[in-house]
1. I need the full set of residues from the stretch 16-42 which are among the basic types (Lys, Arg) and either over 18 Å from ARG80 (Cα atoms) or touching a helix residue (DSSP H, G or I) at 6+ places or on another chain (Cβ under 6 Å) (or both), in order please.
2. Any residue at all in the stretch 14-35 that's small (Gly, Ala, Ser), closer than 26 Å to GLY113 by Cβ, surrounded by fewer than 18 Cβ atoms within 10 Å (Cβ to Cβ) and touching a residue at least 60 places away in the same chain (Cβ under 8 Å)?
3. Report yes if VAL83 is surrounded by 13 or more Cβ atoms within 10 Å (Cβ to Cβ) and either touching a His at 6+ places or on another chain (Cβ under 7 Å) or not in a helix (DSSP H, G or I) (or both), otherwise no.
4. Looking at (1) within 27 Å of ASP119 (Cα to Cα); (2) modelled with pLDDT of 95 or more, which is the only condition ASP45 fails?
5. Among the polar types (S, T, N, Q) and without any contact (Cβ under 8 Å) to a residue 24 or more places away in the chain - does that describe any residue in the stretch 70-80?
6. When only residues in the stretch 12-41 that are in a strand (DSSP E or B) and touching a Gly at 6+ places or on another chain (Cβ under 9 Å) count, which is farthest from LYS62 (Cα to Cα)?
7. In the stretch 47-78, which residues are in a loop (DSSP other than H, G, I, E, B) and in contact with a Phe, Trp or Tyr (Cβ under 6 Å, 6 or more places away or on another chain)?
8. Checking PRO56 against (1) at pLDDT 95 or above; (2) surrounded by 14 or more Cβ atoms within 10 Å (Cβ to Cβ): exactly one of these is not met. Which one?
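The values are calculated or read from the model by the stated rules, or taken from the named source; none is laboratory data. All values derive from a computational prediction rather than experimental measurement. All Cβ positions, glycine included, derive from the backbone under ideal geometry; neighbour counts span all protein chains shown.
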Amino acid sequence: MTYVDGFVVPVPKDKINEYKDLAAKAGKIWMEHGALAYKECVGEDMDDKGFCATFPNAFATKPEETVVFAYIVYKSREHRDEVNKKVMEDPRMNEACAPDAMPFDCKRMAYGGFKALVDL
């Protein structure tokens, strides 16, 4: 079974291009260090349908924000730990992700590691 790191990030709509540039750089680094897949997805159909919470509601986004859902796929938890160690030691990552240059509020980002329950 694969392992996935998942992220949900409220991003100001006027900074989505900056976020995309950052994500492209980060994704390249993750893939070079062995990730199986790297996806960054911007919210498109997020209307409240009345039967469950929406990401904008769950993250209390402001009208000028959208939500990015991202995930990275690995072979296993051990593989994830190996890849992430290499990524965090990569100087390009420190340069790309300087806290004062992020196009979103890092404190509002949600993150978690997930063992695949169903893997088709």
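1. LYS20, LYS25
2. no
3. Answer is yes for this residue.
4. (2)
5. From the stretch 70-80, those among the polar types (S, T, N, Q) are 76; that's our starting set.
Add one more test, that the residue is without any contact (Cβ under 8 Å) to a residue 24 or more places away in the chain, and what stays is none.
Taking every residue of the stretch 70-80 in turn, none turns out to be among the polar types (S, T, N, Q) and without any contact (Cβ under 8 Å) to a residue 24 or more places away in the chain.
6. Filtering the stretch 12-41 for residues that are in a strand (DSSP E or B) and touching a Gly at 6+ places or on another chain (Cβ under 9 Å), the one farthest from LYS62 (Cα to Cα) comes out as TYR38.
7. In the first step, residues of the stretch 47-78 are kept if they are in a loop (DSSP other than H, G, I, E, B); the result is 47-54, 59-64, 75-76.
The one that is in a loop (DSSP other than H, G, I, E, B) and in contact with a Phe, Trp or Tyr (Cβ under 6 Å, 6 or more places away or on another chain): SER76.
8. (1)
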